[in-house]
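> I am attaching a structure below and will ask some questions about it afterwards.
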Amino acid sequence: MSAWLAGLSLLCAAGYTAAAFTAETRQQGLRGMLVAVWAVHLLALLLDIAGIGLPQPGARFGFAPALSMTLWLVLGVYLVESRFVPLPGARRVLSALGAAVVLLAWAFPGESRPLAASPWAPLHWVMGLASYGLFGVAVLHAAMLNRAEREMRSRKGQGVVALGMPLLRLERLTFQFVGAGVTVLSLALLLGWWFTPHWRWDHKNLLSVLGWLVLTGLLTGRHVFGWRGRRATRWLYFGAALLLLSYAGSRFVLEVVLQRGVV
């Protein structure tokens with residue numbers, strides 16, 4: 001294990017933990033600290049995925065770095081969006097998850113991967129990760145939407161909720177991220193099918209396609225039947241869970257449960 005990676009991982013975990021437990025009154029200092037930790041997180045990811053400092057350097061990407069990269073993308077969107085839209089409570093949850101995934105990626109960095117069979121493979125991986133991040137942001141917004149709806153019901157329909165933004169705006173943001181995620185995921189799946197000489201219906205491909213079908217069905221149901229509220233968010237949670245299992249879940253089983261090398 002690279003000493004640089006170990007140091008950066010511990011530094012990130014400490015920074016995220018501090019951000020998770022710091023009082024809300026210190027917003028300006030919190031933002032600067034989160035931006036700094038987020039940048040260090042990116043550096044740790046680059047060192048990890050590139051395998052820099054290892055006896056046998058080479059690209060590697062396991063289930064834990066995939067989760068870490070996804071959370072890094074979600075945090076990036078949060079840092080931008082929170083400048084314009086109040087997102088109470090999200091900072092604590094995302095910071096706690098950030099500390100967890102950084103330590104998880106340090107403990108389970110994955111193994112070196114063979115050279116890609118196609119020059120399009122890196123683009124396929126990047127787009128797959130981007131879709132993970134977009135759906136992660138959509139899930140975050142859906143959770144806030146559910147919370148806002150519960151608060152509104154508890155106040156018997158009063159127009160102001162703790163989020164400080166209209167429900168329709170939050171709902172629109174949620175499905176904008178879903179739509180973007182479906183678009184990017186569709187391109188990733190098409191690229192994977194195009195450059196793979198022998199397409200296999202393994203667990204990763206099957207769960208990815210099922211997740212795509214569920215999330216596409218969600219967009220269709222919303223457009224045609226006007227799905228909203230808990231029905232829509234349940235479809236989103238289910239589709240996102242399938243996608244999480246497709247790569248991160250299958251790699252976890254191979255790397256940790258079965259302890260197999262990269263195939």
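The values are calculated or read from the model by the stated rules, or taken from the named source; none is laboratory data. Not measured: the values here are computed from a predicted model. Quick reminder, even Gly has a Cβ in these numbers, built from the backbone with ideal geometry, and neighbours come from all protein chains shown. To get the accessible areas, we keep the full protein, side chains included, count just its heavy atoms, and leave off ligands, DNA and RNA. Shrake-Rupley method; radii C 1.70, N 1.55, O 1.52, S 1.80 Å.
> I need a count of the residues in the stretch 199-236 that are of a type in the set (Phe, Trp, Tyr) and within 17 Å of Asn146 (Cα to Cα). Outline the logic, then answer.
Looking only at the stretch 199-236, we keep the residues that are of a type in the set (Phe, Trp, Tyr), and these are 199, 201, 212, 225, 227, 235.
Then drop every residue that is not within 17 Å of Asn146 (Cα to Cα), which leaves 227, 235.
So the count comes out to 2.
> Can you find, within the stretch 74-97, the residue that is farthest from Gly133 (Cα to Cα) among those that are of a type in the set (Val, Ile, Thr) and surrounded by fewer than 21 Cβ atoms within 10 Å (Cβ to Cβ)? Talk me through it step by step, then tell me what you get.
Taking the stretch 74-97 and keeping what is of a type in the set (Val, Ile, Thr), we get 74, 77, 80, 85, 93.
Keeping just the survivors that are surrounded by fewer than 21 Cβ atoms within 10 Å (Cβ to Cβ) gives 77, 80, 85, 93.
Details: Val77: 9, Val80: 14, Val85: 19, Val93: 16 Å.
Result: Val85.
> Considering only residues that are at pLDDT below 85 and in contact with a Leu (Cβ under 8 Å, 6 or more places away or on another chain), which ones fall in the stretch 14-23?
Result: Thr22, single match.
> Of the conditions (1) modelled with pLDDT under 85; (2) closer than 30 Å to Ala105 by Cβ, Ala180 clears all except one; give me its number.
Here Ala180 meets the rest and fails (1).
> Shifting gears a bit: Touching a Leu at 6+ places or on another chain (Cβ under 7 Å), surrounded by 15 or more Cβ atoms within 10 Å (Cβ to Cβ) and either modelled with pLDDT of 95 or more or closer than 30 Å to Pro166 by Cβ (or both): does that describe Ala100? Explain how you work it out, then say what you get.
Working: touching a Leu at 6+ places or on another chain (Cβ under 7 Å): no; surrounded by 15 or more Cβ atoms within 10 Å (Cβ to Cβ): yes; either modelled with pLDDT of 95 or more or closer than 30 Å to Pro166 by Cβ (or both): yes.
No.
> Let me ask you something else. What are the pairs, 6+ residues apart or on separate chains, where a residue within the stretch 212-234 that is under 14 Å from Phe135 (Cβ atoms) has its Cβ under 6 Å from a residue that is aromatic (Phe, Trp, Tyr)?
From the stretch 212-234, the pairs are Val214/Phe238; Leu218/Trp235.
> Could we say that Leu187 is surrounded by fewer than 15 Cβ atoms within 10 Å (Cβ to Cβ) and modelled with pLDDT of 90 or more here?
no
> Can you work out which of the residues in the stretch 34-73 that are open to solvent by 60 Å² or more (accessible area, probe 1.4 Å) and modelled with pLDDT of 90 or more is nearest to Val101 (Cα to Cα)?
Only one residue fits best here, namely Trp38.
> Tell me which residues, restricted to the stretch 187-211, are among the basic types (Lys, Arg) and either in a helix (DSSP H, G or I) or closer than 17 Å to Ala130 by Cβ (or both). Don't jump to the end; show me each part of the working.
Within the stretch 187-211, the subset among the basic types (Lys, Arg) is 200, 204.
Of everything in the stretch 187-211, just one residue is among the basic types (Lys, Arg) and either in a helix (DSSP H, G or I) or closer than 17 Å to Ala130 by Cβ (or both), namely Lys204.
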